[in-house]
Structures are given as structure tokens and as C-alpha cells.
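Here's the structure, in C-alpha cells; my notes come after.
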Amino acid sequence: MANKQIVLVSGKNGQLGYELQQLAGAFQDTYEFVFADRTGLDVSDAASIEQAFRQYQPAFFINCAAYTAVDKAEAEQAAALAANAEGVGVIARLCNEYKTWLIHVSTDYVFNGNGTSPYKPEDATDPVNYYGYTKWQGEQLALKNNERTVIIRTSWVYSSHGNNFVKTMLRLMKDRTDLNVVSDQVGSPTYAYDLAEAILQVLHQPVAGIYHYSNEGVISWFQFAEAIRAIAALNCTVHPIPTSGYPTPARRPAYSVMDKQKIADTFHVPIKPWQERLEACMQLL
């Protein structure tokens, strides 16, 4: 036990935290994983973060915890900022102090969505909603406070665990004969299991910087819903609607596609096709 590197993971009850727990067993000869929920490590609370670092003195910190309620963030700005930015700054500062590698999960929402070709990690950021702004701030603080920082931006995350688009669609499609889904926002879905695998690949030989990860392929939310309906063989009719037909408190980027070449090249991470991975996840559901 003494020679194992400790990997401290926040947000164990979220989709990504859950998938990391499923995979961690295969790495137990090398790492000792500590999975914490909000009661053991509250990323909004500096004292809670400091206590966890004192207790575990981790070699790696994987930050899966975040305030993810995009629409609520417009009203609950202090809570979103505390978890997604200020807390990340504290984590990064302590990582620097303890010589800890930080792997921090961020989002496609740091971009404004006006792009027409996949966003590269070095492309200019310009969030269009408060959630995206807090995640961008978190990235800045992570990079500023700790040189051993790996940021992985991801998009449209789903899993067999927790709340997500796939499970919402399945529930609604079983209850309804018709459903309207936005067709003019495009991006790439990410199966949280695959993202967890990518993160564990990064652990072996971390290289600081910003990376992008999602599954391969570009679709709209409408096409995503259609694929879910087809795999589940449900009789609900899905209708494409414009974003203007489904107003929300927070604006959404119209184009969220990210270039994954850097993470594939640096860490030899495979980028699997979204349809195949959606089918794999839905088999579990």
C-alpha cells in the first residue's frame, strides 16, 4: 500500500465519478483511489478541500465535481462560481503545494458556438452563458495556480448512471407519442465510460495542457434523440424544432464540435464512434 500513488477523485456520485469507480479496480496495483462525495470533499468549501489534501496528500486529483445546472446557473451565480471557479482555484493552489497533478474536467460551453470547424484546444474562448463563464474561470485558475494541470473539455455527457439526455429521452418517449427536440444545435456526445478511460490513460504519463475529448461524429440533439428512439425501438415521433421554439434561461452554443487530435496523439486515447458507444450504454439501461 505504501508505494501506491493516491488518486483523489471528487464528485463520486456524478456520471463520470461513477464510471471511474467501475474502472478503478483494474488499476489497483498501481494506484489507491479515494472517491469523495460532497460530504467528504465539497469543492465549494476551501476548508473541506484543505482537509482532504491534508488527509490524503494525493499524487493525482481528478476533479469531476461541478455545478452543472446550466439554466439555474443564470440565477444561482454565486453557487456556480463557487464550485466551478473559486473552488477549482483552491484545488489547483493545493495541488501546487502538494506537488499533485490536477486533471480537471471542463466543457464545450467555454466556446460561443459561432464556429464552423471543430474547436481546437488553443482556440479563443467566449462563453455565452454564466455556466460556461464559470467553467472558463475555473480553467484559468487551474492553469495559473498549478503547472501540473491537465484540462479535459468534454461535451454532451451521458451514462447509465445519473441524469442525462439519454435517460430523459427514454423516459419521455415511453410516456408520449410525440416529442419536440432542438435540431439547430450540433455537437458530439460523450459516453462517460469512455471519458473515464481517457482520464485513466492520462494518469500514466500526464502532460500539462488543455485537451478535448468526446466520441467521434457530429450530430444535432434531434439526431441524438432519433438514434435513442431507434435503438430502444420506441413508437414516439420526434419532431425537429429550432432553438427559438424551445426558449431557456441560458443561451446554448449552436456549434459545440471539438477537435480531439491532441488527446489522441499525446495519450494514445482511442476516439470511438458515438453511435456504437450509445448502443453500448443503452444495453446497460
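Points to keep in mind about this one:
- Rounded if a/c under 1.5, otherwise prolate or oblate - region 99-150, Cα gyration tensor axes: prolate
- Measuring nothing but how far apart in sequence close Cα pairs (under 8 Å, 6+ apart) lie, relative to its length, region 113-240 scores a relative contact order of 33 percent.
- Carbon and sulfur %, accessible surface of region 195-285 computed with the full protein complex present, 1.4 Å: 51 percent
- Cα gyration tensor category, rounded, prolate or oblate, for region 65-207 with a/c compared to 1.5: prolate
- Whole-Hz couplings from phi, Karplus 6.51/-1.76/1.60, listed for region 43-48; x for Gly and Pro: 5, 8, 10, 4, 5, 5
- Interchain or long-range residues, amide H under 5 Å from Y67's placed H: N84
- Between S106 and I152, R153, T154, the built amide H atoms are under 5 Å apart, and every one of these is 5 or more places off in sequence or on another chain.
- 10 Å Cβ shell holding at most 14 others, DSSP loop, trypsin sites (Lys or Arg not before Pro): longest site-free stretch of the chain: 177-285
- Accessible surface of region 126-192 [probe 1.4 Å, protein heavy atoms]: carbon and sulfur percent: 45 percent
- Of all DSSP bridge pairs formed entirely within the chain, close to 5 percent run antiparallel.
- Candidates per GluC sites (Glu not before Pro) in region 144-223, loop by DSSP, up to 14 other Cβ within 10 Å: E147
- Relative counts (whole %) of C-alpha pair distances in the chain, using bins that are 10 Å wide: 7, 29, 37, 21, 6, 1
- Pairs of Cα atoms nearer than 8 Å and 6+ residues apart set the relative contact order; for the chain it is 20 percent.
- For K260, the aspartates and glutamates whose Cα comes closer than 16 Å to its Cα, not counting residues fewer than 8 places off in the same chain, are D108, E122, D123, D194, E197, E216.
- Long pairs among K12/K144; K12/K272; K12/K99; K72/K135, criterion Cα-Cα beyond 20 Å: K12/K144; K12/K272; K12/K99
- Under the Karplus curve 6.51 cos²θ - 1.76 cosθ + 1.60, θ = phi - 60°, whole-Hz ³J(HN,Hα) for region 163-170, x wherever Gly or Pro sits: 9, 6, 4, 4, 5, 4, 4, 4
- Sequence-distant residues sharing a close amide H with V157 (under 5 Å, placed H): T190
- Cα gyration tensor shape for region 1-89, rounded if a/c is under 1.5, else prolate or oblate: oblate
- All Cα pairs of region 175-284, percent lying beyond 16 Å: 65 percent
- Remark: region 173-281 carries 45 Å² of accessible area per residue (probe radius 1.4 Å; ligands, DNA and RNA excluded).
- If the Kirkwood radius is taken over C-alpha pairs of region 137-233, then at 25 °C and 0.890 mPa s the Stokes-Einstein diffusion coefficient equals 159 µm²/s.
- Per atom type, region 1-85 shows carbon and sulfur on 45% of its accessible surface, probed at 1.4 Å.
The values are calculated or read from the model by the stated rules, or taken from the named source; none is laboratory data. Predicted model, so just to flag it, every value in this text is computed and none were measured. So basically every Cβ, Gly included, is an ideal-geometry build from the backbone, and we count neighbours across all protein chains shown. Each accessible area value is taken on the protein alone, full model and side chains, heavy atoms only, with ligands, DNA and RNA left out. Shrake-Rupley method; radii C 1.70, N 1.55, O 1.52, S 1.80 Å.
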